[in-house]
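Since the structure comes first, as structure tokens, the remarks are kept for the end.
The values are calculated or read from the model by the stated rules, or taken from the named source; none is laboratory data. If you're wondering where the values come from, they're calculated on a predicted model, not measured in any experiment. Methodologically, a virtual Cβ is constructed for each residue, glycine included, from the backbone with ideal geometry; neighbour enumeration extends over all protein chains shown.
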Amino acid sequence: MDEVRHLDWGKCDWFHPKPSVMRKVYQGSSHYTISMGVIQPGHVPGPHKHDYEQSVVILKGKCDFHVDDKVYTFDADLDKDGGLCFMTIPAGAMHWIENPYDKPVYNMDIF
């Protein structure tokens, strides 16, 4: 049986890959990563792409998520009827998150 890995997000320190972003990362294996992020208003987006599919869960807040030439606006609030927003980004698609709104956005990325 493989080793069971676990993580309590509340006991992990945040790190700041950019001044407007806080992040925590769980590395389940070399092929499985979950990242929890908080994107502040006014965040300067970083368009990028990678060779693997990405699932996005917007847990709370409003944001614009760009995938190639399309923009998807999400407005999530877990406290309102489980109002989470989900998206799957295909491998190789250019994408980025933008927060032009007035509150932080809480998101989770699963790779």
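Worth a mention:
Here's the yes/no breakdown for (1) at pLDDT 95 or above; (2) more than 18 Å from Asp102 (Cβ to Cβ):
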| residue | (1), (2) |
| --- | --- |
| His16 | no, yes |
| Gln27 | no, yes |
| His31 | no, yes |
| Met36 | no, yes |
| Pro41 | yes, no |
| Pro45 | no, no |
| His50 | no, yes |
| Val56 | yes, yes |
| Val71 | yes, yes |
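- Picking from residues in region 15-38 that are among the hydrophobic types (A, V, I, L, M, F, W, C) and without any contact (Cβ under 8 Å) to a residue 12 or more places away in the chain, the one that is surrounded by the most Cβ atoms within 10 Å (Cβ to Cβ) is Val25.
- Test: Leu7 is assigned to a loop (DSSP other than H, G, I, E, B), under 15 Å from Met108 (Cα atoms) and either among the small types (Gly, Ala, Ser) or out of contact with any Cys (no Cβ under 6 Å at 6 or more places or on another chain) (or both): yes
- Pick from region 84-111, criterion surrounded by 15 or more Cβ atoms within 10 Å (Cβ to Cβ) and acidic (Asp, Glu), ranking: farthest from Pro41 (Cα to Cα): Asp109
- Filter result (within 19 Å of Thr88 (Cα to Cα) and assigned to a loop (DSSP other than H, G, I, E, B)) within region 10-48: His31, Pro45, Gly46, Pro47
- Scope region 49-59; condition among the hydroxyl-bearing types (Ser, Thr, Tyr) and outside any strand (DSSP E or B); matching residues: Tyr52
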